[in-house]
Amino acid sequence: MPTEIYLCYGASDADTASAIRELLLQNGTTAWTDTGLEPGTTAWKAAIRTALDEATCLVVLLTPESSRSARVKAEIDYGRKRNKPVVFALLHGDRPPDTAVIDVRGGQFNTLVTAVKAVVSAPSVPDIRGLIPGPFLLPAARYGPSNREQPLWR
């Protein structure tokens, strides 16, 4: 079965990403993380590209670290260029003023699971905002595609 969700996160949030991956799996949704791969290697880069290509959508775990990460931003750009919906989940830190997010700072991931399941079950996703109550999936200028092509990994 192809991976439905690509979990995009900063390196310091790997444990939380793994926990969210397990929760999604328990709720019938497959999710991918780079757990067990050596960052920066050829195999890691190939696995990320394949997972992004196969995923139905991206779930970005927002933290101060991930907000500064060039790799996270490149993954978001890569997914958006392939018309993948992007769900932003705020793990900790301040809510970005220009980004609609699902606030999971208290560790309550039920809303995130509900949103993700709605995205992956939609027959097509040209505009998925109507599937989920609230402004969770609005375009995010801060994380949107840049005006210049950026490499997926540096």
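Assorted remarks:
- Close Cβ contacts (under 6 Å, 6 or more residues apart or on different chains) running from residues in the range 49-75 that are under 17 Å from Gly10 (Cα atoms) to residues that are among the polar types (S, T, N, Q) comprise Ala51/Thr3; Glu65/Ser12; Val72/Ser66; Ala74/Gln150.
- Index of the failed condition, Asn27 passing every other in (1) in contact (Cβ under 8 Å) with a residue 60 or more places away in the chain; (2) within 20 Å of Ala122 (Cβ to Cβ); (3) surrounded by 15 or more Cβ atoms within 10 Å (Cβ to Cβ); (4) of a type outside the set (Val, Ile, Thr): (3)
- Residue list for the range 91-109, filter: touching a Ser or Thr at 6+ places or on another chain (Cβ under 8 Å) and closer than 17 Å to Leu7 by Cβ: Leu91, His92, Ile102, Val104
- Identity of the residue in the range 90-102, without any contact (Cβ under 8 Å) to a residue 40 or more places away in the chain and buried (at least 16 other Cβ atoms within 10 Å of the Cβ), that ends up farthest from Ile20 (Cα to Cα): Val101
Throughout, read-outs are computed from the coordinates displayed, never taken from laboratory work. Computed from a predicted model, the values in this text were never measured in an experiment. As a convention, Cβ positions derive from the backbone with ideal geometry for all residues, glycine included, and neighbour counts pool all protein chains shown.
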